[in-house]
Amino acid sequence: MSGKKAIIVFLLLAAIAAAYIGYREYNRANVDLSAVEADLTVEAGELIREFETNDSLANNKYLNKILSVSGNIKQIDTTDDHYTIILGDTTAMSSVRCSLDSNYRSGISGLKPGTKIKVKGAITGFKKDDLGIGSDIELNRCIIEK
């Protein structure tokens, strides 16, 4: 095979491999967290304290992990077809915001503020308080643990 033909074959195979990998990544589904073991278990108040004390250290410890967080419900937000359970102390501005997985929204029906619950979710970030309105720790794809 001549040099030009070998290069064309190589580029064609590389393009096919890149297209396959791109297709798989584009169509990849999120893992159902009900079947996943939590990496860490923590109380909502302790999680908030850790992030507010040293967010860099807390990010290293928690970011991109699956957490099981227990705490009291401050509020349940159901705006725009997004269901979010907000955990934390009602006297504090900071909270843990747990966005529910759309497959597990039915579990929210009997919940009320003040109820102690445990949720499992993927921690995705920390919004630091710069305006005096409280910090938020964000968990996504959450499920309510029994």
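Where a number appears in this text, it was derived from the coordinates with a stated rule and is not lab data. Model, not experiment: these values are computed from the prediction. Ideal geometry is used to build each Cβ from the backbone, glycine not excepted, and the neighbour counts take in all protein chains shown.
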_Approximate spin-label separation Arg49-Ser109, in nm, with each point projected 7 Å along Cα-to-Cβ_ = 3.8
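Identify the GluC sites (Glu not before Pro) of the stretch 1-101 meeting these criteria: DSSP loop state and at most 14 other C-beta atoms within 10 Å of the C-beta. If you can, show how the numbers build up before the last one.
Values: sites: Glu25, Glu37, Glu43, Glu46, Glu50, Glu52; in loops: Glu37.
Those satisfying the criteria are Glu37.
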*Between the helical axis of 3-26 and the dominant principal axis of the chain, each derived from Cα atoms, what acute angle in degrees is found, rounded to the nearest 10?*
20
_Leu40-Lys128 pseudo-label distance in nm [points 7 Å out on the Cα-to-Cβ vector]_ = 1.8
*Percent of Cα-Cα pairs per 5 Å bin, from 0 to the last occupied bin, for the stretch 33-145, please list those.*
2, 13, 25, 27, 20, 10, 3, 0
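At 0.36 nm per residue, and after removing the present C-alpha to C-alpha distance, how many nm does the segment from Thr90 to Asn72 gain when stretched out fully? Could the numbers behind the result be given before it?
Values: separation 18, 0.36 × 18 = 6.48 nm, distance 0.85 nm.
Length gained, Thr90 through Asn72: 5.6 nm.
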_DSSP bridge orientation in the chain - percent antiparallel, rounded to nearest 5_ = 70
*What ranking of Phe10, Phe126 emerges when the number of other C-beta atoms within 10 Å of each C-beta is taken as an exposure proxy, fewest first?*
Phe10, Phe126
*Given labels modelled 7 Å from the Cα in the Cβ direction, how far is it in nm from His82 to Asn30?*
1.1
*Within the set Lys65/Lys146; Lys74/Lys116; Lys65/Lys118; Lys61/Lys118; Lys61/Lys146, which residue pairs have Cα atoms separated by over 18 Å?*
Lys65/Lys146; Lys61/Lys118; Lys61/Lys146
